Amino acid sequence: MEHQFVGIPELTAVPRVAVVIDVMRAFTVAAWAFSRGAERIVLASTVEEALALKESGPGRLALKDGAPAPGFDAVNSPALLRSRDFTGRTLVQKTTAGTVGALAVAGAPLALCASFVVAGPTARLLRARGCGPVTFVVTGEDGRAEEDLACAEYIGHLVAGTDVEAAPYVHRARTSRAAAELAGALRAGSHPDDVALCLETDRFPFAMAIGREGPLTVVRPVTVPGSAPAGG
């Protein structure tokens, strides 16, 4: 099974099966939000759209990457979200790379977003649905982000049923440029624990599906049989 690994600029058509990877940090944050009770995440293409989407529904919260900004309720940091209660809430998310990639493939018959924290459940869902070759969208650095590519390759091996250890792929992510920038507090809206949280493999027992709901592009958690949280 020959998977494809592409950057956002290389997407010339909507693939049949797409997995959009953003390890540091959009889809680690999304998974944490679902673990804290969020019902769905609405994806926005611009900051202005995110604020408009927030105001268009009661009780919605908006988050983005970068520094805190007026109108936004959270930043794109798993460590800063892990103690929040989002039970039943709709979050609106806008980031530089992850949400851009997800919006680009939202029309695919099957589109998922993923990071290490949901790698195993994502692969199990793809296997359960008998999916053919997957197009992995490596969102960071125009497709060159080592942490995203490592996660994509790891999930690809799991989909193929390969007996593969997570450690070498996690090591690549740990030594990536993004990890160094987060560890050095070079990215606004970050927390010292962000890197460690982004590198936890299979922390959560669900996959995350991208779909269209009317005019909205929405991410929802999907329970995957045989998945169990890592705990902690």
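Where helices (runs of 4 or more DSSP H) fall entirely within region 141-232, those with at least 1 residues that are among the β-branched types (Val, Ile, Thr) and surrounded by 15 or more Cβ atoms within 10 Å (Cβ to Cβ) are at 146-159, 167-174, 194-198. Taken together, Thr46, Thr96, Thr122 contain a single residue that is of a type in the set (S, T, N, Q), surrounded by fewer than 21 Cβ atoms within 10 Å (Cβ to Cβ), closer than 23 Å to Ile8 by Cα and within 15 Å of the chain's Cα centre (by Cα), which is Thr96.
Are any residues in region 189-206 under 13 Å from Val29 (Cβ atoms) and polar (S, T, N, Q), and if so, which ones? Scanning region 189-206 gives a single hit, Ser190. The one condition from (1) modelled with pLDDT under 95; (2) among the β-branched types (Val, Ile, Thr); (3) in contact with a Lys or Arg (Cβ under 7 Å, 6 or more places away or on another chain) that Val14 does not meet is (3).
Filter region 154-208 down to the residues that are of a type in the set (D, E, K, R) and farther than 26 Å from Ala128 by Cβ and list them by number. Spell out how you get there, then give the answer.
Quick first cut of region 154-208, residues of a type in the set (D, E, K, R) only: 163, 165, 172, 174, 177, 181, 187, 193-194, 200, 202-203.
Listed by number, the residues that qualify are Arg172, Arg174, Arg177, Glu181, Arg187, Asp193, Asp194.
Assess whether Arg129 counts as being surrounded by fewer than 15 Cβ atoms within 10 Å (Cβ to Cβ), among the basic types (Lys, Arg) and farther than 24 Å from Ser45 by Cα.
Working: surrounded by fewer than 15 Cβ atoms within 10 Å (Cβ to Cβ): yes; among the basic types (Lys, Arg): yes; farther than 24 Å from Ser45 by Cα: yes.
So Arg129 fits the description; yes.
Could you tell me which of the residues Glu39, Glu48 is at pLDDT 95 or above, among the acidic types (Asp, Glu) and either closer than 20 Å to Glu181 by Cβ or in contact with a strand residue (DSSP E or B) (Cβ under 7 Å, 6 or more places away or on another chain) (or both)?
When all the criteria are applied, what remains is Glu39.
Please work out which residue is surrounded by the most Cβ atoms within 10 Å (Cβ to Cβ), limiting yourself to region 53-82 and to residues that are of a type in the set (S, T, N, Q) and within 17 Å of Phe27 (Cα to Cα). Walk me through how you get there before you give the answer.
Looking only at region 53-82, we keep the residues that are of a type in the set (S, T, N, Q), and these are 56, 76-77.
Still in the list and also within 17 Å of Phe27 (Cα to Cα): 76-77.
Values: Asn76: 29, Ser77: 24.
The selected residue is Asn76.
Flag: Val20 does not match the condition of being under 17 Å from Leu216 (Cα atoms), surrounded by 14 or more Cβ atoms within 10 Å (Cβ to Cβ) and either touching a Lys or Arg at 6+ places or on another chain (Cβ under 9 Å) or of a type in the set (Val, Ile, Thr) (or both).
Residue check: Thr223 meets all listed conditions (1) out of contact with any Asp or Glu (no Cβ under 6 Å at 6 or more places or on another chain); (2) within 22 Å of Leu91 (Cα to Cα); (3) modelled with pLDDT of 95 or more but one, namely (3).
The values are calculated or read from the model by the stated rules, or taken from the named source; none is laboratory data. Note that the coordinates shown come from a computational prediction; the quantities given were computed from them, not determined experimentally. Positions of Cβ are generated from backbone atoms using ideal geometry, with glycine treated the same way; all protein chains shown enter the neighbour counts.
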